[in-house]
Amino acid sequence: MNEALLAKYEGKFTCKFPQAIEFYPELLSHADTYLSDEEMDTYLNGANFLCSIGQGVDPVLAYMEVMPEISAHFGAGTNKLISDYAYQIARSPNKKALLPLLSTLSTVCRRIDTLEDLQTYLNLINECVELTQTVIHGHHSIHESPGLIPLLMNMPQLISRLSLDGIRNFMVYGAKNYASSPKEQVAYFALESHDSKAIIQRERVGTTFKKVERHLDMLKTSVWNCDLPFSVFSTDFDQIREPEPYLDDQLLAVPDVYENQNGISGINRYRAMLAHLMGHKRWSGKLMADNYAPHMQLIVSIFEDARIDTLLMREYPGLKKLFLALHPYPEKGRCPEEGISCLRYRATRLSRALIDPDFDPEDPLMDTLRTEFNDILKNEQEGSTTDMSDLGTKYYVRSRQKTDSLPDIYFDDTEVSYRDDNRCIWHHYEEYDEADEIIPNEYESDEKVVDTADSLPPRYYDEWDYISETYRPDWATVYERLHPSGDASVVDRLMDKHGALAKRLKKMIEMLKPQNKKRIRFQEEGEELDLDVALRSIIDFKSGQIPDPRINYSHTTDSRNIAVMLLVDTSESLNQRNPETGQTLLELSQEALAITAWTVEQLGDKFAIAGFSSDTRHEVRYQHIKGYSEKYGDTVKARIGAMKASYSTRMGAAMRHAAHYLEGQEAEKKIMLILTDGEPADIDTKDPQMLIRDTHKAVEELQSKGIYSYCITLDPNADEYVEDIFGSQYTVIDHVEKLPEQLPQVFMKLTH
Amino acid sequence: MDISQYKIENEPFYDAQSNEVELYEAAYQARLPIMVKGPTGCGKSRFIEHMAWKLGKPIITVSCNEDISASDLVGRYLLDANGTRWVDGPLTLAARYGAICYLDEIVEARQDTMVVIHALTDHRRELSLDKKGELIKAHPDFQLVISYNPGYQTMMKDLKQSTKQRFCGLDFDYAEPAVEADILQKEANIDREIANKLVKIGETARNLKGHGLDEGISTRLMVYAATLINQGITPVEACKMAMVRPITDDADIRETLDNAIEMIFG
């Protein structure tokens, strides 16, 4: 057969590499099982061509190895498409990318269904080349794309997580953002940089935790009455086995994303997982792990998990369809029993049998234990973890097989994805001995160490990148802290100094204060008889005409319903001293704040104050000075008195953070006042436009949430940029010493 | 004027949560004004009706709102063919003929409106009708009862201290799960199992109070759900319609509660 085949294609393969000649017969017969005669010709021509392009033997072998299956998968035309494309790449400066392209092609093709999609994939690579290769003008030379090879090398991982569209977005983002920094570009496409992970997270197919976080949080509070926080671990690329969720005394560790599985949507998988964890929390006891052999632990865990699931399904019948759909259904005889350990496979069948009454284990021992298991749980009884340990030991002892300890483990379809790793039921001696040891969250990695003492957990905000016109996901980290307190009397002294101003403001306030009552006349039903109208009606009535029945009047209250957020820039530049008065901008801001806070308090509007500064995107500091429910009293004054200026101005992130508080207020009008002395800037952002555009985007976002932003700037040169950010919603204070007077007036003008 | 039309003929169903019935009776014997506080739909109005029935007294209920004015309570002149005619308001009626006057959700009314009740609620027990030039001495059977929901209380909507300090207070809350299930069973005539499940959904929502919900699901809404189930609606649909849609517009909360319902009813 082989001889005949060789004879048939005699002379068609012209490659002279010794290795190619060596493997040729084998590859040929492999190809022959997949390809038609005609296809064989294109196939061999393609191989011949790759031989002649001067890239060595590797691309040839890779091509010959992968193409038959690929071409059988997509049908006629595939060979030509790929060999033409290979030709195109080989003729370009990126010819080194040919080998990675071919070697990853078969894995990639498993995720692609049609020839059109394959073409899309190739177009995507072309686009990447266009965006990343550098052309040096005047030299007529094109430099190869630095990121293409790492991108292709990582393509199997990418395509297992993202759709083709997602990959394209991922690629375009990297290409555009790192066009001029090859090193970072390589790190991005090699999936090593933080950003690449963040983008993949955004583009992932499936349900991300972030998207359903609020819902799960509420589910956890309402249905399960649990206040442990969630901690998200990433189901990242560099881990061979996906980590499992877990529950311990402090937190619930959950994966960052769930794809659909067995027709169950990501959100339902989260719900099932949460229910299972909560079941453990409610019903599981502790077992001493050291008393059980590892195999026995596995079986005992299976019984305990099944008990938890059974109790859950009894109380929440709706979980039944989720659990049964997600639980594997390992059919009999799948595990070959020879040379491989079937323990996991048996355990999974047992687990299925315990929770699914319709499942026939076809195993007398499992049947017996199922009956015992059901006996323990019958009549609304709950059983205990110890009962399950007894059952587990019994099963394990009776079913033990020699093959169980083999290193090869039958793993297919044995993972119950909604269950946790059961660390909550196993007590380990060693850990217990060292009670003081703090075990770090193994899935957590932090890029920058920020002192998080007395701060709220960080919140992440996207930042707008005007160059690529996309959001950089989770780009800025905001830490919110309570502002330190100082001496409240400082503020009182400042107020004394502005006594005359306070008096003037007070008059204005009186005028602005809501008029308590407004009369509405001509009401059919009202509070009081409107005598004028009533008399007219009586006259009409007596003279035989139809009287107007609207003879009452009533009152309505005309009230202000405004929520205000005053966001104060506390960056380093506020320490500048005014040469004439000797005051720093910070001191002026303090005065202005004190007076404004007093004014607003008089008006009775909802009012909050916060200060912000930033030290790179990893630490945006948001300092709480006054909350909506706090009264303007000594605590707040003490905080204003202790204000200090340092670091830079990352305005967008601070605004987004402040907006989330303002959003929660119930008011007809929501206003965010930003008091600043310069343009948004930070030391990690070189492009001065970047943060300006981002802040502008933040203003737009706020607008869409019904929040009106208004900027009061102390920078005399602000005209150059402030309009780009705030449109016409700004005031430039030219004489900074007038700030304490002008700030409350601006406020009253805005809210009038 | 026939005051007996305000009498309650049939016993309104009420399951006592503790000794509130005795406390009320004692207060009535002395004709002390009473305020009942508690979340919406926990049975405040039902309790007052029940007590009125038990004591055999007529009851006049006024649901307060922001636009209610003193003249809405006291009375006003209306026009008729001969000029004007005085018509008593509900408060005057009750004081004149001896009924229990029940001002429901009193904080909804503006604070200054409520000043009219002051003279009726202390030792004077009289009501002056300025416009008519009449001073009414309250009938011996007259009693004033107000109710309000502390959950809604804001700076703007609160009673004046001078009003508050004229009443004895009774605190109400949603009943214990077992009692609440009893109430559902008797009030809506459904079987125990469904009643328990409804109560469980109610508890679920009450855990969300302060996390996006102002108030939990009231007993009243549970009764609605039970009634819908009796009409042949599936429990899941009935619960969504009666217990979730009315209380929230927040998509996440809605989804959470819907999911809880689906889990509980399967």
(request) Would you check which residues across the stretch A:407-437 are in a loop (DSSP other than H, G, I, E, B), at pLDDT below 85 and out of contact with any helix residue (DSSP H, G or I) (no Cβ under 9 Å at 6 or more places or on another chain) and list them? (result) A:P407, A:D408, A:E434, A:A435, A:D436
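Table: residues versus (1) on the phi > 0 side of the Ramachandran plot; (2) surrounded by fewer than 17 Cβ atoms within 10 Å (Cβ to Cβ); (3) at pLDDT 85 or above.
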residue: A:L61; (1), (2), (3): no, no, yes
residue: A:F74; (1), (2), (3): no, no, no
residue: A:D84; (1), (2), (3): no, yes, no
residue: A:N94; (1), (2), (3): no, no, no
residue: A:P100; (1), (2), (3): no, no, yes
residue: A:C109; (1), (2), (3): no, no, no
(request) Give the residue that is farthest from the other protein chains (Cβ to nearest Cβ), with candidates limited to residues of the stretch B:157-216 that are free of Cβ contacts under 8 Å to residues at least 12 places away in the same chain and over 30 Å from B:N65 (Cα atoms). (result) B:Q185
(message) Let me spell it out: the conditions are (1) in contact with a Lys or Arg (Cβ under 7 Å, 6 or more places away or on another chain); (2) closer than 20 Å to A:G279 by Cα; (3) crowded, with 22+ Cβ neighbours inside 10 Å, and A:F303 meets all of them except one. Which number is the exception?
(response) (1)
(request) All but one of (1) under 16 Å from B:M35 (Cβ atoms); (2) in a loop (DSSP other than H, G, I, E, B) hold for B:V62, so report the exception by its number. (result) (2)
(request) Within the stretch B:45-67, count every residue that is free of Cβ contacts under 8 Å to residues at least 60 places away in the same chain and either crowded, with 20+ Cβ neighbours inside 10 Å or away from every other protein chain (no Cβ under 14 Å) (or both). (result) 16
(request) Within the stretch A:306-357, track down each residue that is among the aromatic types (F, W, Y) and over 22 Å from A:D404 (Cα atoms). (result) A:Y316, A:F323
(message) Every residue in the stretch A:10-43 that is of a type in the set (S, T, Y) and surrounded by fewer than 17 Cβ atoms within 10 Å (Cβ to Cβ), please.
(response) A:T14, A:S29, A:T33, A:Y34, A:S36
(request) Identify, from the list A:K637, A:K626, the residue that is crowded, with 18+ Cβ neighbours inside 10 Å, free of Cβ contacts under 8 Å to residues at least 40 places away in the same chain and at negative phi. (result) A:K626
(request) Kindly indicate whether any position in the stretch A:156-174 is more than 30 Å from A:N79 (Cα to Cα) and within 14 Å of chain B (Cβ to nearest Cβ). (result) no
(message) So, in the stretch A:111-134, how many residues would count as being in contact with a His (Cβ under 8 Å, 6 or more places away or on another chain) and either part of a strand (DSSP E or B) or more than 22 Å from A:G174 (Cα to Cα) (or both)?
(response) 1
(request) Might you check whether a residue that is within 24 Å of A:I355 (Cβ to Cβ), crowded, with 19+ Cβ neighbours inside 10 Å and hydroxyl-bearing (S, T, Y) occurs anywhere in the stretch A:218-227? (result) no
(request) State all residues of the stretch A:650-678 that are of a type in the set (A, V, I, L, M) and in a loop (DSSP other than H, G, I, E, B); if no residue qualifies, say none. (result) A:A667
(request) Kindly establish whether B:I48 is in a loop (DSSP other than H, G, I, E, B) and out of contact with any Cys (no Cβ under 9 Å at 6 or more places or on another chain). (result) no
(request) Kindly indicate whether any position in the stretch A:393-405 is touching a helix residue (DSSP H, G or I) at 6+ places or on another chain (Cβ under 7 Å), loosely packed, with under 13 Cβ neighbours inside 10 Å and on the phi < 0 side of the Ramachandran plot. (result) yes
(request) For the stretch A:695-705, state whether one or more residues are in contact with a Phe, Trp or Tyr (Cβ under 7 Å, 6 or more places away or on another chain) and in contact (Cβ under 8 Å) with a residue 40 or more places away in the chain. (result) yes
(request) Please verify whether the stretch B:106-126 includes one or more residues that are within 14 Å of chain A (Cβ to nearest Cβ), surrounded by fewer than 16 Cβ atoms within 10 Å (Cβ to Cβ), at pLDDT 85 or above and more than 27 Å from B:E49 (Cβ to Cβ). (result) no
(request) Could you pull out the residue among B:A181, B:A95 that is at pLDDT 90 or above and not assigned by TED's automatic domain parsing to the domain that holds B:Y24? (result) B:A181
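Looking only at the stretch B:213-248, count every residue that is under 18 Å from B:G38 (Cβ atoms) and either assigned to a helix (DSSP H, G or I) or assigned by TED's automatic domain parsing to the domain that holds B:Q17 (or both) and tell me the total.
Qualifying residue count, the stretch B:213-248: 5.
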(request) Assess whether B:D141 counts as being away from chain A (no Cβ under 14 Å) and farther than 20 Å from B:L23 by Cβ. (result) no
(request) Give the residue, chosen from A:R577, A:R550, that is over 29 Å from B:S71 (Cα atoms) and charged (D, E, K, R). (result) A:R577
(message) Among the residues that make up the stretch B:76-86, is at least one of them away from chain A (no Cβ under 14 Å) and of a type in the set (D, E)?
(response) no
(request) Filter the stretch A:269-282 down to the residues that are closer than 13 Å to A:C226 by Cβ and in contact with a strand residue (DSSP E or B) (Cβ under 8 Å, 6 or more places away or on another chain), then identify the one that is farthest from the other protein chains (Cβ to nearest Cβ). (result) A:H280
(message) Being away from chain B (no Cβ under 14 Å), under 36 Å from the mean Cα position of the chain (by Cα) and either surrounded by 16 or more Cβ atoms within 10 Å (Cβ to Cβ) or over 18 Å from A:D390 (Cα atoms) (or both) is the requirement here; does A:L252 meet it?
(response) yes
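The values are calculated or read from the model by the stated rules, or taken from the named source; none is laboratory data. As the structure is a computational prediction, the values presented were derived from the model and not from experiment. Every residue, glycine as well, gets a Cβ built from its backbone with ideal geometry; the counts of neighbours run over all protein chains shown.
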